[in-house]
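Only one structure is covered here, and it is reproduced in the block below.
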Amino acid sequence: MKVLLQPVLNDVNLDANQLNSQRQLAISISAVSPSSNRTVPLNLCLILDRSGSMKGRPMETVKQAANRIVDKLSYGDRLSIVVFDHRAKVLVPNQLVEDPEAIKAQINKLKADGGTAIDEGMKLGIEELGKGKKEAISQAFLLTDGENEHGDDKRCLNFAQLAAEYNLTLNTLGFGDHWNQDILEKIADIAGGKLSYIEEVNRVEEEFGQLFSSIQSIGLTNAYLLFSLAANVRLAELKPIAQVAPDTVELSSIEEADGRLAVRLGDLSKDVSRVILANMYVGKLPQGKQEIAQLQVRYDDPAQNKSGILSEIVSVEANIVSNYQPQVNPKVQTNILALAKYRQTQMAEAKLQQGDRSGAATLLQTAAKTALQMGDKNAATVLQTSATRLQAGEELSESDRKKTRIVSKTVLQ
């Protein structure tokens, strides 16, 4: 298993007469394997809300979806299940899936009651995942339909950070319309997972299945993108690095002992490339091809029980010309638009929280136009619908807000 690292500038040509040139660097990163079969076992934890609001069909549907996941696990995979209301308990301790019927019998006993304490569920879920993380892909599905009324949101984010440090990935699933989108998105972003919105009860099994399919293609874990910039090259000061595919996430970097910048990526898939967009400024350079950066990925390979593996170093070159003619890369332009769509929607939400409906509507319209430019018609429809409702003096429903957030982060299929 190796890493495929492909950097592309939005415009490879730079004007030799300019003191500074701004460029966006799109970096596609994926795992590469000669075999299409999954060779690394899964270490999966389901962290399920069983509070009173889940009573009835929602709870029954979640139980069915959890049972389907048990059926999909293979020999050598591990599973744990944690349930929470205003307290949390381990329903199924971390174990090899050797008796799936016994596990499903525990799931089928679940009943809904009580309040909601997401952080208590996260605490036990992380503990259970930690027991089976050796030589495995460690992932959690955290599902809730409510606010963290009996818990502490800050504690949730601290647990998400702890999970990331232990190479555990947390995916969040918001069920219905009354969950806190800010907290669930931050948990997923911090812990390298995906945020999913389950609007309809009958979509629970489908969303679980899609998420399970995506984690089956993971081949490498604990990946970091390492930047080494040339002497006269610097990153932009404000939000210089973001992931733009498969989801949009603002990323931060830390400086390592050797001076390189490290950006945590988490898990790498064989099926879907991660695309990182870096905003940089290049100082004046002599004519000809010039190296402006070197890139490398550090990662773990659980199939070989090896950690800290370094990929080959990939050089990023620019073409410095005196008679400048732009050579724009359309794929990178689409990446730039994806980030713009996300940030425009974020600013619209901030305006809405300040009570500025007009400003929010204008920004959502701008985001809709951006989505159209990149060919994302589904997002454009959702964003424009929300803008139109605000312009008509209507309130955005919880469903409207959540759809708007989801389409700002990803391209709907």
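The values are calculated or read from the model by the stated rules, or taken from the named source; none is laboratory data. For clarity, every value in this text was computed on a predicted model and none was experimentally measured. Here Cβ is always computed from backbone atoms with ideal geometry, including for glycine, and neighbour counts include all displayed protein chains. Calculation scope for accessible area: heavy atoms of the full protein, side chains included, ligands and nucleic acids excluded. Shrake-Rupley method; radii C 1.70, N 1.55, O 1.52, S 1.80 Å.
Some values worked out for this structure:
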read-out: Strands (runs of 3 or more DSSP E) fully within segment 1-50 counting 3 or more residues that are under 30 Å from LEU110 (Cβ atoms); value: 42-49
read-out: Unmet criterion (only one of (1) among the basic types (Lys, Arg); (2) under 23 Å from the mean Cα position of the chain (by Cα); (3) more than 25 Å from ASN167 (Cα to Cα)) for LYS133; value: (3)
read-out: Of all residues in segment 110-167 being touching a Lys or Arg at 6+ places or on another chain (Cβ under 8 Å), of a type in the set (Gly, Ala, Ser) and not in a helix (DSSP H, G or I), the one that is farthest from VAL83 (Cα to Cα); value: ALA136
read-out: Matching entry among LYS123, LYS89 (being within 22 Å of the chain's Cα centre (by Cα), open to solvent by 60 Å² or more (accessible area, probe 1.4 Å) and modelled with pLDDT of 95 or more); value: LYS123
read-out: Elements of type strands (runs of 3 or more DSSP E) in segment 180-249, at least 2 residues being aliphatic (A, V, I, L, M) and either in contact with an Asp or Glu (Cβ under 7 Å, 6 or more places away or on another chain) or open to solvent by less than 10 Å² (accessible area, probe 1.4 Å) (or both); value: 195-198, 218-229, 241-245
read-out: Within segment 31-52, tally of residues that are open to solvent by 10 Å² or more (accessible area, probe 1.4 Å), in contact with a Lys or Arg (Cβ under 8 Å, 6 or more places away or on another chain) and not β-branched (Val, Ile, Thr); value: 4
read-out: Verdict on ASN171 being open to solvent by less than 30 Å² (accessible area, probe 1.4 Å), assigned to a strand (DSSP E or B) and over 24 Å from ILE198 (Cα atoms); value: no
read-out: Test: residue in segment 53-75 that is surrounded by 15 or more Cβ atoms within 10 Å (Cβ to Cβ), assigned to a loop (DSSP other than H, G, I, E, B), out of contact with any Gly (no Cβ under 9 Å at 6 or more places or on another chain) and not basic (Lys, Arg); value: yes
